[in-house]
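The values are calculated or read from the model by the stated rules, or taken from the named source; none is laboratory data. Keep in mind it's a predicted model, so treat the numbers as computed, not measured. Cβ placement follows ideal geometry from the backbone for every residue including glycine, while neighbour counts extend to all protein chains displayed. Heads up: the accessible areas ignore ligands, DNA and RNA and are worked out on the full protein's heavy atoms, side chains in. Shrake-Rupley method; radii C 1.70, N 1.55, O 1.52, S 1.80 Å.
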Amino acid sequence: TIGCRYAKKISIKRNINEHLFVKTIKQLNKFYPKHNKVIVSDRLGCNFFKKISKKYSLNCRFSIDYASDFLGCGKIILNSDACFQLMGGGIIQFAAFSKLPFLCVQTENKNHIRWSEKRAHSWHKLNQILILTHFNISQLFFNKLKSFKIN
């Protein structure tokens, strides 16, 4: 699953743009070609990313076709093999509070207190990565993706 945020008015700096969306899907297809890619977002986001997916023939699936609400999206995430998110919002918390492998790089939130430098929460394993920063967010995400292991 890939958490993708798109909003028109609120916290638009956390949105993922068309270029980064396409690059993310292409990189995930390169590293995980046998896995289906399900975009998890609200109705507005899914409709936005669905147009981009068609434009670039990315062959993605979308959470709005399987779930009707936020908890349904959480169920999709928790039943996936891994979750990825570049920028975005709170949907990553389903993965962060589970045993699911995930990679998330977001803008630093001054209210977030980390367990340690390497782990956001005490139960996180090496393949549960939450990086909060203000610098080179997309570059950091794609560099970490190269070595990320689902299992």
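The charge dipole of the chain, taken about the Cα centre with unit charges on the Cβ atoms of Lys, Arg (+1) and Asp, Glu (-1), comes to about 320 debye, rounded to the nearest 20. Cα centroid separation, segment 1-18 to segment 38-107: 11 Å. The simple spin-label model puts a point 7 Å past each Cα toward its Cβ; for residue 27 and residue 55 those points are separated by 2.0 nm. Within the set [x] 31; [y] 14; [z] 27, the number that percent of Cα pairs over 27 Å apart takes when calculated for this structure is listed as [y]. In the chain, the calculated helix contribution to ellipticity at 222 nm averages -10000 deg cm²/dmol per residue, counting -39,500 (n - 2.57) for every DSSP H run with n ≥ 4.
Under 20 Å from the 7 Å Cα→Cβ point of residue 127, by amide nitrogen: which residues of segment 78-98? Only 78-86, 92-98 pass the distance filter.
Modelled label positions at residue 13 and residue 146, each set 7 Å beyond Cα in the direction of Cβ, lie 2.8 nm from each other.
Compute the helix-to-body angle for 43-55: its Cα long axis versus the longest principal axis of the chain, expressed 0 to 90° and rounded to tens. Here the helix axis deviates by roughly 70 degrees. For the chain, the solvent-accessible area works out to 60 Å² per residue, with a probe of 1.4 Å and every protein chain left in place.
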